[in-house]
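Data block below; observations after.
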């Protein structure tokens, strides 16, 4: 069973898609990258990540923590249980290199939604 990562820009429908998938895939749990980041920030402040921390630090540390969480879950759980992870904190290059055993979906804006200011 492959984990599913739904990543992309804010307000592109990541949570909506993740929620719909979760309703169909009952053997998957849904977790937000924001929840993981906030938990790590509170429990392990030495990591230097969190909503009020450097975006660069979040981009470096958070994907590795999520990768280790998914890898640990695969070793620990006897039953088939997967995760749907949704969020904007993982960049495409990082996701493609780190989460090779997962399904990675990137959502973005269509040309019609882009505005020139």
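The order of 6, 103, 66, going from fewest to most other C-beta atoms within 10 Å of their C-beta, is 103, 6, 66. In this simple spin-label approximation, residue 9 and residue 106 carry label points 7 Å from Cα along the Cα→Cβ vector, and these lie 1.2 nm apart.
Diffusion of the chain by Stokes-Einstein, at 20 °C in a medium of 1.002 mPa s and with Rh set to the Kirkwood radius over alpha-carbon pairs, works out to 143 µm²/s.
Each reported figure results from applying straightforward, stated rules to the coordinates on display, with no laboratory input. Predicted model, so just to flag it, every value in this text is computed and none were measured. When we count neighbours, we look across all protein chains shown, and the Cβ atoms used for this are built from the backbone with ideal geometry, even at glycine.
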